[in-house]
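The values are calculated or read from the model by the stated rules, or taken from the named source; none is laboratory data. Since the model is a prediction, treat every value here as computed from it, not as a measurement. Virtual Cβ from ideal backbone geometry, glycine too; neighbours counted across all protein chains shown.
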Amino acid sequence: MAAGEPIRTLSSLSLSWLLSLLLLVLSSGCKSTPLLQYSLDVPAQVLTFPGAAAIRDGRARFREIFCALLAREPGAGDQTCGGLLHRLSDEPETASAPRPLPPHNPKLGVLFVPGLLGECAYGLAPPFESIVTRLRHLGYEARVSQVNAASTSRTNADRLAQEVAEMPSKRLLLVGHARGAVDILELLVSHPAAASRVSAVLSVAGAINGSPLASDASGVSLLFPRGGDTACTTKEREALVDLDRAYRLRWLMAHPLPKPPRLFSLAAFAPVSEVTPPLRSRAKALTRIEPRNDGLVPFVDQVIPGAELLGYANTDHWSIATEPEGAAPLFPRDVLLEAALLRILEALGQGG
């Protein structure tokens, strides 16, 4: 199967089915044993709505690019490509003869958009900090957006429109982590002039359908375990409406995304035991609904309608974009994001 070919075996889950499953779990009284078990022996799946744009499958080509980059990365050590990218049961095999890596094109500017918890995730380095440095060394204009974690996505879209207008690059790639991907989608539909400069969008563990944790009081208490004891967490609680799953699905139904830009999604999930400790209680709670989650968002909620699915990183919601301050890198996120950039450049060059 060629990169970008529509996925034919991708499972589409209805919202009513998932809600029925949730009610069954909650009413069963069996709180210690989840109905679903963690397994990779499943096809790629997306929770979406009738009439949503089809997902395209770019996993085989992305794996090829990522593995090639990782092999030449200094200090990669014992990290294996197969262990860093999940291979689900329906992923096509990579090409038998390795193809060359796509070339870089620094004419494409890159704007990274962080997510909701960035300002309140104590002890974490700023998201995307190291990849920005890496891309600047390669000649790219790369920067991190100054969106406000406590603002609504509509407000952040207004901020993004200003930042897009200020970037000198004529063509842009917007990369959104978590709620940052939602802010980008809001930009696309509410600011056509700014959207016209965006050649591609990459969602990185994006909360495209929101998160079940944002939908009720018990989930919110997990998102903000410190409670409302700081101005930061109080304001971020008020912004959670953007991450309610029902709200997000209704928003996607009511706002068809423009074409262009090209859309790409890079999802993440990991076993609870391998999730960053502060996220483990949240990951464990989500296993009641979906064991394949990144600690905040199930894997079925992380793909933009109409996007090319690049793959599923074997990591958690925070580690795919940042890491605890002073810690040695545990996941080669910079290699992962550079590989995504190269695949996007290749797709843009192919005009498909």
Check: How about segment 270-318: which of its residues are within 10 Å of the chain's Cα centre (by Cα) and free of Cβ contacts under 8 Å to residues at least 12 places away in the same chain?
Finding: none
Checklist line | Meets criteria (in contact with a strand residue (DSSP E or B) (Cβ under 6 Å, 6 or more places away or on another chain) and among the aromatic types (Phe, Trp, Tyr)) for Phe269 | finding: yes
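Table: residues versus (1) crowded, with 18+ Cβ neighbours inside 10 Å; (2) hydrophobic (A, V, I, L, M, F, W, C); (3) within 17 Å of Pro212 (Cβ to Cβ).
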position: Trp251; (1), (2), (3): yes, yes, yes
position: His255; (1), (2), (3): no, no, no
position: Pro261; (1), (2), (3): yes, no, no
position: Val275; (1), (2), (3): yes, yes, yes
position: Ala283; (1), (2), (3): yes, yes, yes
position: Leu286; (1), (2), (3): yes, yes, yes
position: Arg292; (1), (2), (3): yes, no, yes
position: Val300; (1), (2), (3): yes, yes, yes
position: Ala313; (1), (2), (3): yes, yes, no
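Just to be sure I understand, how many residues within segment 71-82 are assigned to a helix (DSSP H, G or I) and either farther than 16 Å from Ala340 by Cβ or modelled with pLDDT of 95 or more (or both)? Write out each step before concluding.
Pass one, segment 71-82, residues assigned to a helix (DSSP H, G or I): 71, 81-82.
From what is left, the residues that are either farther than 16 Å from Ala340 by Cβ or modelled with pLDDT of 95 or more (or both) are 71, 82.
Count: 2.
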Check: When segment 135-154 is examined, which residues are found to be loosely packed, with under 15 Cβ neighbours inside 10 Å and either among the aromatic types (Phe, Trp, Tyr) or under 19 Å from Pro106 (Cα atoms) (or both)?
Finding: Arg136, His137, Leu138, Gly139
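Going through Leu138, Leu117, Leu85 one at a time, which residue ends up being modelled with pLDDT of 95 or more and out of contact with any Gly (no Cβ under 9 Å at 6 or more places or on another chain)? Full working, then the answer.
Working: Leu117 fails: modelled with pLDDT of 95 or more; Leu85 fails: out of contact with any Gly (no Cβ under 9 Å at 6 or more places or on another chain).
From the options Leu138, Leu117, Leu85, the qualifying one is Leu138.
I need a count of the residues in segment 256-280 that are in a strand (DSSP E or B) and of a type in the set (Gly, Ala, Ser). Before the answer, list the steps.
The initial filter retains those residues of segment 256-280 that are in a strand (DSSP E or B), namely 262-269.
Checking the rest, the ones that are also of a type in the set (Gly, Ala, Ser) come to 265, 267-268.
The total comes to 3.
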